[in-house]
1. Calculate how large, on average over all directions, the projected area of the Cα convex hull of the chain is; give the answer in nm² to one decimal.
2. Within the range 40-105, list the GluC sites (Glu not before Pro) lying in a DSSP loop whose Cβ has at most 15 other Cβ atoms in a 10 Å radius.
3. Per residue, how much accessible area does the range 149-235 show when a 1.4 Å probe rolls over the protein heavy atoms, in square angstrom?
4. Amide H neighbours of residue 82 under 5 Å, counting only residues 5+ apart in sequence or on other chains, H built in-plane at 1.01 Å?
5. Which order, highest average first, do 218-227, 167-176, 149-158, 118-127 follow once you tally other Cβ atoms within 10 Å for each residue and take the mean per peptide?
6. Apply the Karplus parameterisation 6.51 cos²θ - 1.76 cosθ + 1.60, with θ equal to phi minus 60°, to every residue of the range 44-55 and state each ³J(HN,Hα) to the nearest whole Hz, in sequence, with x for glycine and proline.
7. Using the Cα centre of the chain as the reference point, and only Cβ charges (+1 on K/R, -1 on D/E), how large is the resulting charge dipole? Debye, rounded to the nearest 20.
8. For the range 158-239, which whole-number percentage of the solvent-accessible area (1.4 Å probe, protein heavy atoms only) is attributable to carbon and sulfur atoms?
Amino acid sequence: MGKGISITWSEGIARRESRILVQTVDQVIKWLYFRHPMAFYDPPMPVRVFGNWVIPALMDNQPYWGNQWYIEQSYDRELDRVIAPQYLELVRREPWQRATDHYDLVMIDEDLTEFPAPLARARPDLYCLGTSLPGTAAIVSVHQVRRIADRADRERALARLVRHHLGHVLAVPSFGRTHAVVRRGLEMHCSNRCVMRHAVTLEDLIALSEDEAELGWTFCEACTQDLHSVIAANAFVWS
């Protein structure tokens with residue numbers, strides 16, 4: 001069995017927000033898997049929900065004692081934001097990644113920046129909705145999404161944000177793809193009408209989620225093929 005997906009969230013995440021996170025990931029993985037001809041003979045890529053986890057035995061000045069430790073270590077008080085590169089580096093170096101290679105997807109309620117602290121302090125007006133270390137981890141923030149007044153619009157936008165960063169966790173679009181892609185830092189984004197289009201601002205997220213609402217399945221054919229490749233690689237033990 002290949003890599004599974006671990007889902008966590010910070011203590012400020014509301015129950016409805018965590019439910020959207022878990023259900024969205026589950027729907028995407030199952031939709032992909034059950035299109036595979038061996039779906040009823042092999043289990044899908046495992047999704048492990050840890051929530052706002054804590055290891056009490058490690059809480060006495062020990063690292064990696066719980067989800068809030070990652071936030072505390074990457075939180076910048078001057079900016080009042082989590083520094084995403086610091087958070088993702090902590091995930092990359094955590095003992096559980098070294099012991100059992102897996103994908104991490106985390107949701108936080110704190111505001112987020114994708115820049116290292118010195119650059120972020122130079123541009124405090126710039127926030128990000130989420131960012132990733134493709135193939136390893138992604139972090140999404142509900143801080144800006146909570147500004148959307150209408151509940152249905154807010155939940156649709158949040159589900160879109162989760163789908164997009166689930167794609168990044170799985171390294172979609174693939175780095176080998178040469179058509180309909182735009183590279184932005186470590187991330188590849190799709191230029192088709194697809195959930196893997198990049199949303200810089202909350203307004204972008206709202207507009208894209210509205211545009212994609214009528215599609216049903218919101219990944220384009222090229223990104224769907226990339227996702228199937230990841231699922232297939234993780235559904236079997238190759239010898």
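1. Here the figure is 13.9 nm², rounded to one decimal.
2. 78
3. I get 42 Å² per residue for this part.
4. HN-HN under 5 Å from residue 82: 76, 111, 112, 113.
5. The most tightly packed comes first, giving 167-176, 218-227, 149-158, 118-127.
6. In residue order, the calculated couplings are x, 3, x, 10, 10, 9, 9, x, 8, 7, 9, 10 Hz.
7. The calculation lands at about 420 debye.
8. 56 percent
The values are calculated or read from the model by the stated rules, or taken from the named source; none is laboratory data. Computed from a prediction, not measured in an experiment: that's the story for all the values here. As a convention, Cβ positions derive from the backbone with ideal geometry for all residues, glycine included, and neighbour counts pool all protein chains shown. Quick note on the areas: whole protein, heavy atoms, side chains included, nothing else; ligands and nucleic acids left out. Shrake-Rupley method; radii C 1.70, N 1.55, O 1.52, S 1.80 Å.
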